[in-house]
Amino acid sequence: MAREITGFSNPLVKRVRSLREKKFRKAEGLFLAEGLRILTEAREEGVLPEMLFHAGSTHPLAVDLIAAMEEAGGDVIETTPDILSKISGKDNAQAVVGVYRDRLTPLAALDRTKADIWIVAQSLRDPGNLGTILRTGDAVGAGGLILIDDCVDPFSVESVRASMGALFTQSITQARWEEFLSWLRSGPGELIGTSLKATQDYQQPRYRSPSFLLVGNEAQGLPEDYEAQCDLLVKMPMLGKADSLNAAVATAVMAYELLNQKRKS
């Protein structure tokens, strides 16, 4: 049932606002997503928020979202633009904010046969890069994103915002390196890394499916022992003074090479 909250001191407002911090997201297993585009993408994937905050928007997408929530018996809260700003941490808050249950998929539950391309990120630190990599995964039809070691939180407000809804189309898994390697070697899968020390151009090999594209940390790249475990190491030509690409850009270049090879095979 719909209800109304107009007070900044309301306990629910304080609770939802706390989800901007990782420790509270982890404790509650919840995260925030904002904006009609992202929440509509989620609904189209069959995912509705546990709580929906809105400021009386009459946009058709907002009306449809509110109707879907009410039909499902969800918690719909009408509030003020100022309270939406307080919740989201943005002065120009979006028309809607949703509270979602976290979407982690256990490594053992992944079906590697459902997609030809998977993206694996090791110690990724930037939420913008993580969100962009999720969008790239969605664009190339990847099965999901496997986060290795200590990566930035995929459910931070910044990561969710940067994903532009791809958070709801891609499975997200977290694992330690040894755990991932053990799982990977228990079935089919080619592990592909990029390295400045590689001798093969990235367009030279014929990649096998499923392909697991391993992306390193933005500053350090892949550790040497991680590179040693790759089935293939490749490099992209750098014709200017720069010696590397941004992690998200490099991922997109490699992901589209994998996609193009699979489209032509």
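Things to note:
- Of the residues examined, residue 84 is one that is farther than 30 Å from residue 252 by Cβ and surrounded by 14 or more Cβ atoms within 10 Å (Cβ to Cβ).
- Among the residues of the stretch 95-126, those identified as under 30 Å from residue 83 (Cβ atoms) and buried (at least 21 other Cβ atoms within 10 Å of the Cβ) are 96, 97, 98, 99, 100.
- With respect to the conditions (1) farther than 30 Å from residue 211 by Cβ; (2) loosely packed, with under 13 Cβ neighbours inside 10 Å; (3) of a type outside the set (Gly, Ala, Ser), residue 44 lacks only one, and its number is (1).
- Positions within the stretch 221-249 being assigned to a loop (DSSP other than H, G, I, E, B) and under 16 Å from residue 198 (Cβ atoms), in sequence order: 222, 223, 229, 230, 231, 236, 237, 238, 243, 244, 245
- Residue count for the stretch 184-199, restricted to those that are within 23 Å of residue 150 (Cα to Cα), open to solvent by 30 Å² or more (accessible area, probe 1.4 Å) and either assigned to a helix (DSSP H, G or I) or modelled with pLDDT of 95 or more (or both): 1.
- Residue match in the stretch 171-189 (condition: closer than 30 Å to residue 38 by Cβ and among the small types (Gly, Ala, Ser)): yes
- Considering residues of the stretch 2-41 that are small (Gly, Ala, Ser) and within 21 Å of residue 59 (Cβ to Cβ) only, the residue surrounded by the fewest Cβ atoms within 10 Å (Cβ to Cβ): 2
- Check on residue 84, of a type outside the set (Val, Ile, Thr) and closer than 30 Å to residue 230 by Cβ: no
- Residue that is at negative phi, part of a helix (DSSP H, G or I), among the aliphatic types (A, V, I, L, M) and open to solvent by less than 20 Å² (accessible area, probe 1.4 Å), where the choices are 147, 167, 181: 167
- Residue 173 vs. criteria open to solvent by less than 10 Å² (accessible area, probe 1.4 Å), touching a residue at least 12 places away in the same chain (Cβ under 8 Å) and among the polar types (S, T, N, Q): yes
- Candidates 226, 207, 202: the one that is within 16 Å of residue 151 (Cβ to Cβ) and among the hydroxyl-bearing types (Ser, Thr, Tyr) is 226.
- Of all residues assigned to the stretch 65-72, at least one qualifies as being open to solvent by 60 Å² or more (accessible area, probe 1.4 Å) and not small (Gly, Ala, Ser).
- Taking the stretch 211-257 as the range and being of a type in the set (Ser, Thr, Tyr) and over 16 Å from residue 130 (Cα atoms) as the test, the residues that pass are 211, 226, 244, 256.
The values are calculated or read from the model by the stated rules, or taken from the named source; none is laboratory data. These figures come from a predicted structure and were not determined experimentally. When we count neighbours, we look across all protein chains shown, and the Cβ atoms used for this are built from the backbone with ideal geometry, even at glycine. Only protein heavy atoms, including side chains, enter the accessible area calculation; ligands, DNA and RNA are left aside. Shrake-Rupley method; radii C 1.70, N 1.55, O 1.52, S 1.80 Å.
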